[in-house]
Amino acid sequence: MSFYAVQTVMGVLGSIGFSILFGVTDRKLLWIALGSGAGWAVYLICVARGYGIFAGLFAASLFVAMLSEVLARILKTPVILMLVPMLIPEMPGGDLYYTMYYLVQRQYVEFGNSSNQVLAEAGAIALGIILASYGAKFIRSIRLHVPEARKKAQ
């Protein structure tokens, strides 16, 4: 259990570091830290329940992307400013490192297997972001058009 806590704290610290690198210094920093920790917790819960790395990364990135959409509206800031630092813990850094290691060492079978894993992980993250972004756009569209439809019906 303490290993998961250490992972979460390190992910939060990485997100804070990237946030500072992007110039975030106000109360958004706290929300980014909380969001990245919660996103990593979603990933750990999914993996611990046996859903696998792909499903865990998909669920975590979907959660983080939805959270960043909501927080961006509340804090009146661009979504990308919230989303990118919150996703730092989910980045497949270790797998990408080993992919490049196998390529440099000319271990092409391991390179192929590892690169497939990295591409699947990146695809899961991208899919979660795309679905959350589409969902937010869909909800905004409904909120914009429903009052117009009610006015026309009356």
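Each value in this text was obtained by applying a stated rule to the coordinates, not by laboratory testing. Since we're looking at a predicted model, the values are computed, not measured. Methodologically, a virtual Cβ is constructed for each residue, glycine included, from the backbone with ideal geometry; neighbour enumeration extends over all protein chains shown.
In region 63-82, the residues that are without any contact (Cβ under 8 Å) to a residue 12 or more places away in the chain and over 15 Å from Tyr134 (Cβ atoms) form Cβ pairs under 6 Å with partners that are of a type in the set (Val, Ile, Thr) and buried (at least 18 other Cβ atoms within 10 Å of the Cβ), at six or more places apart or across chains, as follows: Ala72/Val79.
The residues in region 98-114 that are of a type outside the set (A, V, I, L, M) and either more than 15 Å from Ile53 (Cβ to Cβ) or assigned to a loop (DSSP other than H, G, I, E, B) (or both) can be counted, and the count is 9.
When region 1-30 is filtered for residues that are more than 23 Å from Ala126 (Cα to Cα) and of a type in the set (Val, Ile, Thr), the ones remaining, listed by number, are Val6, Val9, Ile20, Val24, Thr25.
Just one residue in the set Phe18, Phe3 is more than 17 Å from the chain's Cα centre (by Cα), part of a helix (DSSP H, G or I) and surrounded by fewer than 19 Cβ atoms within 10 Å (Cβ to Cβ); that residue is Phe3. Can you say whether Ile45 is outside any loop (DSSP other than H, G, I, E, B), surrounded by fewer than 16 Cβ atoms within 10 Å (Cβ to Cβ) and within 16 Å of the chain's Cα centre (by Cα), as far as the supplied structure shows? Spelling it out, Ile45 is indeed outside any loop (DSSP other than H, G, I, E, B), surrounded by fewer than 16 Cβ atoms within 10 Å (Cβ to Cβ) and within 16 Å of the chain's Cα centre (by Cα).
Looking at Ala33, Ala65 in this structure, which one is more than 17 Å from Gly123 (Cα to Cα) and of a type in the set (Gly, Ala, Ser)? So that I can check it myself, show each step before the final result.
Details: Ala65 fails: more than 17 Å from Gly123 (Cα to Cα).
Checking each option against the conditions leaves just Ala33.
Residues of region 1-18 that are polar (S, T, N, Q), more than 10 Å from Ile88 (Cα to Cα) and touching a helix residue (DSSP H, G or I) at 6+ places or on another chain (Cβ under 6 Å): Thr8 alone.
Residue-level check: of (1) out of contact with any Pro (no Cβ under 8 Å at 6 or more places or on another chain); (2) assigned to a helix (DSSP H, G or I), Trp40 misses just (1).
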